[in-house]
């Protein structure tokens, strides 16, 4: 079945540590996205990528980094510069044309130890 | 400024009752509109979308939404709620850019009473 796989489902970060969240899709979608979700809030865009080897900052990119070396993969690194990393992180993809719907993974809950 | 508002943080309805979740946006033109549903600890699933044409849009799971240009609204409705509809609902608005830059409302949590 086609879909988006995020791993791990739960992740704990120590002070000063970088952690990487995995996102893989087999939908053959060109565009991929990372969102952050905090309790009681909507989704906020961290980074997005329209095509391999290219990505753009979203609304809250500070303290995060991404790469897009393969069409299927769009990992997100939460760096030590992100002072408030505890949140639910959602990866999504779309065909890439205008206004296409988003397909979401099941999310990663990141907490700080 | 472009914005999306879901006025109701939490709504409780009885099973079998009708449901309406509100969504308003602020934008100078007609945007592209989406409703998503999220179960606890899960990703979001698209319920329906509006791009143009008929202002009453049918979606999955018996949901529908109506676009009202004069009110800048895109309210989600269901005639008879089932217990399995308990979830969080997000309105998203794409201000004529790529869908990944959709602006999401803060969500409405739906509780269904037996």
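Considered as a group, the residues in the range B:27-39 that are closer than 30 Å to residue A:10 by Cβ and more than 10 Å from chain A (Cβ to nearest Cβ) include one that is farthest from the chain's Cα centre (by Cα), and that residue is B:37. Residue A:33 passes every criterion in (1) under 28 Å from residue B:89 (Cβ atoms); (2) in a loop (DSSP other than H, G, I, E, B) apart from (2). Of the residues making up the range A:3-23, those that are more than 12 Å from residue A:88 (Cβ to Cβ) and within 14 Å of chain B (Cβ to nearest Cβ) are A:3, A:4, A:5, A:7, A:8, A:23.
The condition of being closer than 25 Å to residue B:37 by Cβ, at pLDDT 95 or above and surrounded by 15 or more Cβ atoms within 10 Å (Cβ to Cβ) does not hold for residue A:68. Within the range A:65-105, if we keep just the residues that are in a loop (DSSP other than H, G, I, E, B) and within 11 Å of the chain's Cα centre (by Cα), the residue that is nearest to the other protein chains (Cβ to nearest Cβ) turns out to be A:105.
In the set (1) surrounded by fewer than 20 Cβ atoms within 10 Å (Cβ to Cβ); (2) more than 21 Å from residue A:88 (Cα to Cα), the condition left unmet by residue B:49 is number (1). Restricting attention to the range A:24-55 and to residues that are exposed (fewer than 15 other Cβ atoms within 10 Å of the Cβ) and facing chain B (nearest Cβ under 9 Å), the residue that is modelled with the lowest pLDDT turns out to be A:40.
Once the range A:45-62 is narrowed to residues that are in contact with a strand residue (DSSP E or B) (Cβ under 7 Å, 6 or more places away or on another chain) and outside any strand (DSSP E or B), the residue that is nearest to residue A:4 (Cα to Cα) is A:52.
The values are calculated or read from the model by the stated rules, or taken from the named source; none is laboratory data. Quick caveat: nothing in here was measured; it's all calculated off a predicted structure. Here the Cβ is made from the backbone with ideal geometry for all residues, glycine too, and neighbour counts use every protein chain on show.
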